[in-house]
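A.B. asks: Below is one structure. I have some questions about it.
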Amino acid sequence: MLLVYFAILFFALVVLGIVARLCGLSIWILIRILKDELILAYSTASSESVLPRIIEKMEAYGAPASITSFVVPTGYSFNLDGSTLYQSIAAIFIAQLYGIDLSIWQEITLVLTLMVTSKGIAGVPGVSFVVLLATLGSVGIPLEGLAFIAGVDRILDIGAYRAERGG
């Protein structure tokens, strides 16, 4: 569980921090601006609830409405890095529980499949679990292994939305 949160935190601060810096922004200023929306998305595990507020804030801080109204909803559909991180780590965890040694090619196939299948998923709680269910069979991981993470899925899913809405 800590590995998922560490990976999401690393992605949000380092990877998104570099992207923000290349765009002339500070990740810390962006986090401060979107603090309330990030907290709401985290506490509800639903990113859909903050979409209108993020658009309003971006426009209030100088982003043109024509760009914001296109970029933010598009990002909601395709910026699902947090979910992909969570699903990848969960799949490898389940494989290790069953003693399945995945080759590097199986791991690459798994990550690429998760990247494709997670695009366009709804920003509602629990949807990552459904995508994981549909994907595990592609690399020979038993679907029964999902029972091991079902109890903590909501906790891990919450962190995934935090990374996605910050991006």
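The values are calculated or read from the model by the stated rules, or taken from the named source; none is laboratory data. This one's a predicted model, so the numbers in the text were calculated from it and none came from an experiment. Neighbour counts run over all protein chains shown; Cβ positions are idealised from the backbone, glycine included.
A.B. asks: Return the residues of region 97-156 that are assigned to a loop (DSSP other than H, G, I, E, B), small (Gly, Ala, Ser) and under 16 Å from the mean Cα position of the chain (by Cα); say none if nothing qualifies.
C.D. replies: Ser118, Gly120, Ala122, Gly123, Gly126
A.B. asks: Among the residues of region 1-28, what is the count of those that are surrounded by 14 or more Cβ atoms within 10 Å (Cβ to Cβ) and either at positive phi or of a type in the set (Asp, Glu) (or both)?
C.D. replies: The qualifying residues number 0.
A.B. asks: Given the conditions (1) under 29 Å from Phe129 (Cα atoms); (2) at pLDDT 80 or above; (3) surrounded by 19 or more Cβ atoms within 10 Å (Cβ to Cβ), and given that Met58 satisfies all but one, which numbered condition is not satisfied?
C.D. replies: Single failed check for Met58: (1).
A.B. asks: Can you name every residue in region 29-39 that is of a type in the set (A, V, I, L, M), more than 15 Å from the chain's Cα centre (by Cα) and buried (at least 18 other Cβ atoms within 10 Å of the Cβ)?
C.D. replies: Once the filter is applied, which keeps residues that are of a type in the set (A, V, I, L, M), more than 15 Å from the chain's Cα centre (by Cα) and buried (at least 18 other Cβ atoms within 10 Å of the Cβ), region 29-39 yields Leu30, Leu34.
Conditions (1) part of a helix (DSSP H, G or I); (2) under 30 Å from Val152 (Cβ atoms), marked per residue:
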position	(1), (2)
Glu59	yes, no
Ala63	no, no
Ser66	yes, no
Thr74	yes, no
Ser77	yes, yes
Ala90	yes, yes
Ala95	yes, yes
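A.B. asks: Give the residues of region 89-125 that are within 20 Å of Tyr5 (Cβ to Cβ), at pLDDT 85 or above and polar (S, T, N, Q), sorted by residue number.
C.D. replies: Gln96
A.B. asks: List the pairs whose first member sits in region 22-49 and is over 17 Å from Ile121 (Cα atoms), whose second member is exposed (fewer than 14 other Cβ atoms within 10 Å of the Cβ) and at pLDDT 80 or above, and whose Cβ atoms are under 7 Å apart, counting only residues at least 6 apart or on separate chains?
C.D. replies: If the second residue must be exposed (fewer than 14 other Cβ atoms within 10 Å of the Cβ) and at pLDDT 80 or above, the pairs left are Ile33/Tyr61.
A.B. asks: Would you confirm whether or not region 84-95 contains a residue that is surrounded by 12 or more Cβ atoms within 10 Å (Cβ to Cβ) and farther than 16 Å from Ser138 by Cα?
C.D. replies: Yes; the residues of region 84-95 include at least one that is surrounded by 12 or more Cβ atoms within 10 Å (Cβ to Cβ) and farther than 16 Å from Ser138 by Cα.
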